[in-house]
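First comes the structure, then the notes that go with it.
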Amino acid sequence: MCERLTELDEWEFEEVWRRVGLSVDWSLLSTAIGEQARAASQRAFLRDPARGEAYPAQAPTLWDVTFRTAVAQAEPEGRATHGELHRLRFRDGHRPVHVETARPELLPACVALVAHPDDERYRELVGRTVRTPLFDVEVPVLAHRLAEPDKGSGLAMVCTFGDVTDVTWWREPNLPTRAVVGRDGRLLADPRPGSPPAPAPSWRA
């Protein structure tokens, strides 16, 4: 399918370029998809481990849960959708610390909270730790300029991983990873190593 689409795109590009009068030597045509490009890429990659330029590592990637394959960073489209903010109550000792989030299901993947460095409300909290609701896991409170003081309470959860901003917040201070979503896009029944344990049942309101 990719090769057929490439052929169609090549024909359309050529037609447009001829129409606008571009001077092109069509005998030098090459593509990024096809047997020749694939072989060149494979040869180059086989040299990378010997140079120390390729190595195994756990890292997040954009993932298509339907086709079970990685997605190129150029592919996703940002679309505005309606959502609801949910207020979660973290604890700083006995004092409540509120976080408003559209992704409450990622609470077990929370590894930190972030506030904007100029947000006076949280200046004393930055550098300390708070405990998550329900799971009672200790997480640090960090300062980062990507935090939005006018969004929700001004504090944001860093979850591994809700979006690409989470990746930035996770990578820069070298935070731990708590993977709670499987390759099928569903929450895991059993936590992976490093994930918080399931909470004990509580009947308190």
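Read-outs throughout are calculated quantities, based only on the coordinates presented, and are distinct from any laboratory measurement. Predicted model only: the values in this text are computed from it and were never measured. Please note: Cβ atoms are built from the backbone with ideal geometry, for glycine as well, and neighbour counts cover all protein chains shown.
Tell me, in nm to one decimal, what length is gained between residue 8 and residue 37 on full extension, where the rule is 0.36 nm per residue of separation less the Cα-Cα distance?
8.7 nm is the gain from fully extending residue 8 to residue 37.
Using alpha carbons only, how many degrees (0 to 90, rounded to 10) separate the axis of helix 35-51 from the longest principal axis of the chain?
The angle comes out near 50 degrees.
Computed FRET efficiency, Cβ-Cβ of residue 75 and residue 30, R0 25 Å: what is it to the nearest 0.05? Before the final figure, lay out the partial values.
Values: r = 23 Å, r/R0 = 0.91.
Plugging the Cβ-Cβ distance into 1/(1 + (r/R0)^6) gives 0.65.
Kindly provide the helix-only [θ] at 222 nm of the chain, computed as the sum of -39,500 (n - 2.57) over DSSP H runs of four or more divided by all residues, to the nearest 500 deg cm²/dmol?
Numbers: 3 runs with 43 residues, N = 205.
So the helix-based figure for the chain works out to -7000 deg cm²/dmol.
Karplus couplings for region 4-17 from phi (6.51 cos²θ - 1.76 cosθ + 1.60, θ = phi - 60°), rounded to Hz, Gly and Pro as x?
Once rounded to whole Hz, the list reads 5, 5, 4, 4, 5, 5, 4, 5, 5, 4, 4, 4, 5, 5.
Please give the net charge around residue 161, taking every other residue with its beta carbon less than 11 angstrom from that of residue 161, where Lys and Arg add +1 and Asp and Glu add -1.
Summing Lys and Arg as +1 and Asp and Glu as -1 gives +1.
Which net charge results when you count Lys and Arg as +1 and Asp and Glu as -1 among the other residues whose beta-carbon is under 10 Å from that of residue 65?
Numbers: positive: 68, 183, 186; negative: 64, 184.
Result for the local shell: +1.
Which of 163, 25 comes first, and how do the rest follow, when ranked by fewest Cβ neighbours within 10 Å? Intermediate results must be reported in sequence, preceding the final value.
On the way: 163 12, 25 6.
Ordered by Cβ neighbours within 10 Å, fewest first: 25, 163.
Using a Förster radius of 30 Å, what is the FRET efficiency between residue 85 and residue 54 based on their Cβ-Cβ separation? Nearest 0.05, please.
Step by step, r from the Cβ atoms, then E = 0.10.
Roughly how far apart, in whole Å, are the Cα centres of region 86-107 and region 9-76?
43
Rank these for me by crowding, 23, 30, 153, going from fewest to most other beta carbons within 10 Å. Write out the running numbers ahead of the final one.
On the way: 23 5, 30 8, 153 18.
So the residues, fewest neighbours to most, are 23, 30, 153.
Specify which labelled value, from (i) 0.99; (ii) 1.12; (iii) 0.95, agrees with Rg/Rh (Cα atoms, Kirkwood Rh) derived from the coordinates of the model shown.
Of the listed options (i) 0.99; (ii) 1.12; (iii) 0.95, (ii) comes from this structure.
For the chain, modelled as a GNM with alpha-carbon contacts under 10 angstrom, which of 173, 104, 60 fluctuates the most?
173
Compute the longest continuous run of the chain that contains no exposed chymotrypsin sites (Phe, Trp or Tyr not before Pro); treat a site as exposed when its DSSP state is not H, G, I, E or B and it has at most 14 other Cβ atoms within 10 Å.
Values: sites that count: 67, 203.
With chymotrypsin sites (Phe, Trp or Tyr not before Pro) excluded where exposed in loops, the chain gives 68-202 as its longest stretch.
Out of region 74-168, which GluC sites (Glu not before Pro) are coil in DSSP terms and have no more than 12 other C-beta atoms within 10 Å? Walk me through the numbers before you get to the answer.
Working: sites: 77, 84, 100, 105, 120, 124, 138; in loops: 77, 84, 124.
Loop-located and lightly packed - 77, 84, 124.
Along region 116-131, what does the Karplus equation 6.51 cos²θ - 1.76 cosθ + 1.60 (θ = phi - 60°) give for ³J(HN,Hα), rounded to whole Hz, x for Gly and Pro?
So the Karplus estimates, Gly and Pro as x, are 5, x, 8, 7, 4, 4, 10, 4, 6, 7, 4, x, 9, 10, 10, 10 Hz.
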